[in-house]
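Written out below as structure tokens is the structure these notes cover.
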């Protein structure tokens, strides 16, 4: 499969009139050649794809791992400074050679060093170049995402028996991530969002030392990783008996989320999916409290195309996987978000999560 992906990417390189492309992002390297990488905080290799070749450069720390995992690319053993190793590889040298790169994952200082070690080549930024290749999911990819969703669902079921008033958000977050790991997740797909009470009004509220209290909304936004592929789900519960206001806000979000899911279908725009969910929120009188988009694509990347938002120009196609996640947030009071991962089909979509969306009062 990696060889086929590299071939497709080489076709794209030719189309863009590039001599090659430098891949530095962990997810992109794994998608193209199978290398799962080391720590994201420390560079562990470089994948350089040219029109008729693909080479992966790494050092002794990752050599055995690379030998087992890499497919479709020639392995080059370099120094720990992988960029510096390029200077001795003549096949990459040449004045004014045009190399594309993912600008978000190569620093300005690295760009300068790449140019110095690639014979004064020209580096051209291409946002999301590898992501574009992976928007339409293969069956094997969908299976990996489904497994990640299954892990998330089971971990959430377990956490419902654990969470209680008096526990710190950080304690519950640690238990949730532990349960995902015990169920087979490679790692958390992203920094888990766990926010209670007034903090649930923070769309990206990381777990804090705040203690969960009776009457709090508690929002869980988290995901598992399986085979490099991620899930991304959100559920909001009430710790204790819900008030009339809490019930109204929750039910509005639930109906909006269901409306967004119902709108998903091949040929429909991301903007239309967002509009379907947003209409429910607006009609309930909560328009100004829903300020983010309704969804985004997932795969090996946590955020990718297609997007589902007011300004989205993306058209959904069969095989895409995206989230549907409307939310309502009242600063200083609390908020609700509900999120599923869905697979786009010709007749609608298949929801990959199975966790209940009815209001849970624990």
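Enclosing the Cα atoms of region 139-351 in their convex hull gives a volume equal to 100 cubic angstrom per residue. Rounded to the nearest 0.05, the FRET efficiency derived from the C-beta distance between residue 164 and residue 350 at R0 = 25 Å is 0.15. With respect to the chain, whose longest principal axis is taken over its alpha-carbon atoms, helix 2-15 is tilted by about 70°. Under the simplified labelling scheme, the residue 120-residue 74 pair shows an inter-label distance of 2.6 nm, with each label point 7 Å from Cα along Cα→Cβ. Result for the chain in a Gaussian network model with C-alpha springs under 10 Å: among 88, 219, 234, the largest mean-square fluctuation is at 88.
Of the peptides 106-117, 257-268, the ranking by mean beta-carbon count within 10 Å, highest at the top, reads 257-268, 106-117. For the pair residue 89 and residue 213, label points projected 7 Å from Cα toward Cβ lie 5.8 nm apart. Computed with the Debye formula from one identical point scatterer per Cα of region 51-108, without solvent, the log10 of I(q)/I(0) at q = 0.14, 0.23, 0.30 Å⁻¹ comes to -0.47, -1.17, -1.28. What the pair-distance distribution of region 270-362 shows, using all Cα-Cα distances binned every 5 Å from zero, is 3, 13, 22, 24, 19, 13, 5, 2, 0 percent.
If the segment from residue 204 to residue 14 were pulled out straight at 0.36 nm per residue, it would be longer than the present Cα-Cα gap by 64.4 nm. Take every pair of alpha-carbon atoms less than 8 Å apart whose residues are at least six positions apart; their mean separation over the length of the chain yields a relative contact order of 14 percent.
Beta bridges from DSSP with both residues in region 2-133: antiparallel share about 45 percent, rounded to the nearest 5. For region 19-123, taking the reciprocal of the average inverse distance between every pair of different Cα atoms yields a Kirkwood hydrodynamic radius of 13.6 Å. Contact order for region 246-348, expressed relative to its length and based on alpha carbon pairs under 8 Å spaced 6+ residues apart, stands at 32 percent. For the chain, the Cα-based Rg and Dmax, in that order, read 22.4, 71 Å.
Read the figures in this text as sums done on the coordinates, not as results from a lab. Nothing here was measured: the structure is a model prediction, and the numbers come from that model. Positions of Cβ are backbone-derived with ideal geometry, glycine not excepted, and every protein chain shown enters the neighbour counts.
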